[in-house]
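Reviewing the structure listed below.
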Amino acid sequence: DVAGHEFAHGVVRYTVDLVYQNQSGALNESFADIFGYAVDPDDWFMGEGLPGGALRDLSNPPDRGQPDHMSNYINTSGDYGGVHTNSGIHNKVAYLLFQGDGFQGFTIRRLGIEKTQRLFYNMLENRRMTNNAQFIDARNAAIAEAASLAGRRSYGFTSNDVCQVQNAYAAVGLGVA
């Protein structure tokens, strides 16, 4: 997962080139975590094989000191504005889409690894965000990309999948369900 994470930073760099600061930097870290998970989907931890143990937990970001909801966003000048810390918010969205789960009163139906991976990759490849994207921009980009995939009936995406994407972002405090 760590190797996949680092490789994914290269993909981010050569697609939308998210600025490594504040929310856009947290998105950069989250996209790297998402693809790191896709390489090693045996658990929800990022870096569990490192000498110090797992760095992040996509399923339960607070377990590793990260917020999982916008109401808990951490404003800090450290770590480039909290890029490693606040990535937990977007990681929680990814977990909800990969796995499906209930969170904050929402029930998100599982999209699975193939659809979720495709969604997030296409958001980068199709440059649905600017390089200074905020979390709300990622939400809007994800919904637009899911709708585009469903409209073309690509990769098995349906209109219900678009709803699941919208609900996953709403569960972490980004937009409405």
Pair list, Cβ < 9 Å and 6+ apart or interchain, from the stretch 110-123 residues that are aliphatic (A, V, I, L, M) to residues that are not in a helix (DSSP H, G or I): LEU111/GLY100; LEU111/PHE157; ILE113/PRO41; LEU119/LEU111; LEU119/PHE157; MET123/THR15; MET123/VAL16; MET123/MET129
Residue list for the stretch 104-140, filter: part of a helix (DSSP H, G or I), in contact with a Ser or Thr (Cβ under 7 Å, 6 or more places away or on another chain) and open to solvent by 70 Å² or more (accessible area, probe 1.4 Å): GLU125
Conditions (1) more than 19 Å from GLU29 (Cα to Cα); (2) outside any helix (DSSP H, G or I); number of the one not met by LEU174: (1)
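Taking the condition touching a helix residue (DSSP H, G or I) at 6+ places or on another chain (Cβ under 7 Å), of a type in the set (A, V, I, L, M, F, W, C) and open to solvent by 10 Å² or more (accessible area, probe 1.4 Å), does VAL165 pass?
Details: touching a helix residue (DSSP H, G or I) at 6+ places or on another chain (Cβ under 7 Å): yes; of a type in the set (A, V, I, L, M, F, W, C): yes; open to solvent by 10 Å² or more (accessible area, probe 1.4 Å): no.
So VAL165 does not fit the description; no.
The values are calculated or read from the model by the stated rules, or taken from the named source; none is laboratory data. These numbers were taken from a predicted model, which means no experiment stands behind them. With ideal geometry, Cβ positions are generated from the backbone for all residues, glycine too; neighbour counts draw on all protein chains shown. Remember, those area values only see protein heavy atoms, side chains included, never the ligands or the DNA or RNA. Shrake-Rupley method; radii C 1.70, N 1.55, O 1.52, S 1.80 Å.
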